[in-house]
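Report on the following structure.
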Amino acid sequence: MRQQLADGDRICGVRDVLDRIGDKWSLLTMARLIGGPQRYSDLRRTVEGVSQRMLTVTLRSLERDGLVTRTVTPTSPPRVDYELTPVGETLAVEVATLIGWAEAHRGYVAAARERFDREAGER
């Protein structure tokens, strides 16, 4: 019985972490930070389709989880930079691999979806 509870707790904890990094914007945001620190405005411009609010929420969540650091430079206006932490960098390697896979197979996935939708419409 104790082992079952421990396994359930472990799975729940893993799911919590996967939910964080598997949301719509976290992986794309982390991918933009692979090359080094980025200003908020640069991230906003290069993470295609993200709203200002969602980028802010995403960055705060990544910072809370210890994957990203936020550095404010007291200039006028203040400069805010985001950077992957050492643990975030280890995840970024995996993120880059996943993004590479998605780029290499997006045509296949699009064709499979089209085929599925066509066959579903014929049923």
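The values are calculated or read from the model by the stated rules, or taken from the named source; none is laboratory data. A quick note: this is a predicted structure, and the numbers were derived from the prediction, not measured. Cβ coordinates were reconstructed from backbone atoms using ideal geometry, including for glycine residues, and neighbour counts include every protein chain displayed. Areas reflect the complete protein model, heavy atoms only, side chains present, ligands, DNA and RNA absent. Shrake-Rupley method; radii C 1.70, N 1.55, O 1.52, S 1.80 Å.
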Identify all residues within segment 55-78 that are open to solvent by 40 Å² or more (accessible area, probe 1.4 Å) and part of a loop (DSSP other than H, G, I, E, B); write none if there are none. Asp65, Pro74, Thr75, Ser76, Pro77, Pro78
Contact list, first residue from segment 14-25 and modelled with pLDDT under 80, second anywhere and open to solvent by 60 Å² or more (accessible area, probe 1.4 Å) and in a loop (DSSP other than H, G, I, E, B), beta-carbon distance below 6 Å, six or more apart or interchain, is Arg20/Asp65
Count of residues meeting criterion [under 12 Å from Leu33 (Cβ atoms) and in contact with a strand residue (DSSP E or B) (Cβ under 8 Å, 6 or more places away or on another chain)] in segment 47-75: 7
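So that you can scan it fast, the table gives a plain yes or no per residue for (1) in a loop (DSSP other than H, G, I, E, B); (2) small (Gly, Ala, Ser); (3) open to solvent by less than 50 Å² (accessible area, probe 1.4 Å):
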{"residue": "Val80", "(1), (2), (3)": "no, no, yes"}
{"residue": "Ala92", "(1), (2), (3)": "no, yes, yes"}
{"residue": "Arg106", "(1), (2), (3)": "no, no, no"}
{"residue": "Val109", "(1), (2), (3)": "no, no, yes"}
{"residue": "Arg115", "(1), (2), (3)": "no, no, no"}
What number of residues in segment 28-54 are open to solvent by less than 40 Å² (accessible area, probe 1.4 Å) and part of a helix (DSSP H, G or I)? 5
